[in-house]
Amino acid sequence: MHIVPVSQLDLAGKRVLVRCDFNVPLKDGEIADTMRIDESLETIRYVIDHGGAAILCSHLGRPKERTPALSLKPVAAYLTKILGKKVAMAPDCIGEVTGRMVAMLAMGDALLLENLRFHPEEEANSPDFSHELARGKSAYVNDAFGSAHRAHASTAGVMAFLPDKAAGFLMMRELEGLHQFTQNPDHPLVAILGGAKVSDKIGVIRSLFTKVNMLMIGGAMAYTFLKARNIPIGRSLVEDDKQQLALELWAEAAQRKVELVLPVDHVVAPSPDAAATPQVVEVIPADMMGLDIGPRTVDEFRARLAAARMVIWNGPLGFFELPAFAQGTLKIGEAIANQPGLRSLIGGGDTAAALEGQPWSKSFTHISTGGGATLEYLEGRELPGVKALER
Ligand code: AMP
């Protein structure tokens, strides 16, 4: 794989299209979490400090057409504040007015294009749209690892028109971090999966079976596995149409001698509500939902982790958005972070968000910002956005 990092690109005097991942959570028109923007600052600063003009682009949400609530304007305002220089906002990502703004942009300055997904041609990877997106620029930098599993115009197609291409610092860090894990694994290797859906993660479960010694499952995902074995799960979130699949995965694990570890107790409440009084149970009552792994499960997971030399973790182990159901995720996070010699890969936006800001969260070996992209990488699939960056 030959990918040039942005630090090896000659940027002086160039208008550089920089694909970022500004797909941030918004609440009442405000950015609720700036992590994704902050992660791309190094690359943006590098381009403008090395004599280039940065033309930033990203998607936000899943609009099918122009949707004012999904404008990137709040991102331009945040960038202006944090970079200490005006980041102008273009009315669109292509077209005449935007083209003029791109042409007039001074070297050392930055311009943010409007949400790429206001045009369905972005996701369709249309060559005409890619050509328009490339117009007026002479180099391309991709820093949007979180979108690298998509073959869209801005992550793949555009490079046909901008052969002077490179990976940003975040993209390089992600690729190097993940490469270390897949190419040089240490054993015992333990995987932890959580989150809401089994269906999203079947591919990665199957591929993990060929690599890991043990798979621990928490989060809502666990209830599909427990119900398949007739263990009562009350009103917990479950994918009823995946029971058969769960049984097959169970059999596959046994055949491959991968130990499958499931929760033995649970933190339950009638619903995921901040006002609910959580209880710890071993058997989930019919009117309750399992919302976190219980303390005995935390101990079991920790005891097994103590022997591990490498851990891959994707998906929160409970409804972490409410502190009452975040304890399992936090206790396992702390145990991993504090275990000397344990290499840890924490993947997925939700898992990172759940652990962010904890005093020990800097001790993980690699925290991946990608959700789907990280899972597909771990499955061993080729990421179109990475493939297109190869020279
Ligand atoms: P995913 O996108 O599949 O990684 O799922 C992440 C979501 O799973 C988060 O929003 C969590 O709140 C949710 N989650 C994890 N455990 C549970 C649970 N026991 N019940 C309901 N939701 C859960």
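Where a number appears in this text, it was derived from the coordinates with a stated rule and is not lab data. Because the structure is predicted, anything quoted here is derived from the model rather than measured. Cβ coordinates were reconstructed from backbone atoms using ideal geometry, including for glycine residues, and neighbour counts include every protein chain displayed.
Computed quantities for the displayed model
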quantity	calculated
Residues with amide H under 5 Å from that of LEU26, placed H, sequence gap 5 or more	ALA32
Net length gained if the chain between MET107 and ALA286 were fully extended (0.36 nm per residue, minus Cα distance)	58.0 nm
Scattering profile of the range 255-322 at q = 0.11, 0.16, 0.18, 0.27 Å⁻¹ [log10 I(q)/I(0), Debye over alpha-carbon scatterers]	-0.33, -0.64, -0.77, -1.25
Hull shadow area, averaged, the chain [alpha-carbon convex hull, nm²]	19.5 nm²
Selection from LEU60, GLY84, LEU330 lying farthest towards where the dipole of the chain points positive, charges on Cβ	GLY84
Value in Å of the Kirkwood radius, where the range 185-379 supplies the Cα pairs that are averaged	16.5 Å
Hits among lysines - C-alpha to C-alpha of LYS242 under 24 Å, sequence gap 8 or more where chains match	LYS197, LYS201, LYS211, LYS227, LYS257
GLU334, GLU42 arranged by Cβ crowding within 10 Å, fewest neighbours leading	GLU42, GLU334
Cβ-placed point charges (K, R +1; D, E -1), dipole of the chain about Cα centre in debye, nearest 20	580 debye
The chain: most fluctuating residue of GLY29, GLY194, GLY52 per GNM, C-alpha cutoff 10 Å	GLY29
Over the chain: helical MRE at 222 nm, DSSP H runs n ≥ 4 each giving -39500 (n - 2.57), nearest 500	-10000 deg cm²/dmol
Whichever lysines have a C-alpha closer than 27 Å to that of LYS81, once near sequence neighbours (fewer than 8 apart) are set aside	LYS14, LYS27, LYS73, LYS137, LYS362
Selection of chymotrypsin sites (Phe, Trp or Tyr not before Pro), the range 300-391, meeting DSSP coil and at most 14 other Cβ within 10 Å	TRP360
Cα-based reach from LYS331 at 17 Å (exclusive), listing aspartates and glutamates while leaving out same-chain residues under 8 positions away	ASP265, ASP292, ASP299, GLU300, GLU321, ASP350, GLU356
Along each principal axis, Cα extent of the range 300-390, largest first, Å	42, 30, 22
Choice from GLN339, GLN183, GLN244 showing the highest fluctuation, given a GNM over the chain with Cα pairs closer than 10 Å	GLN183
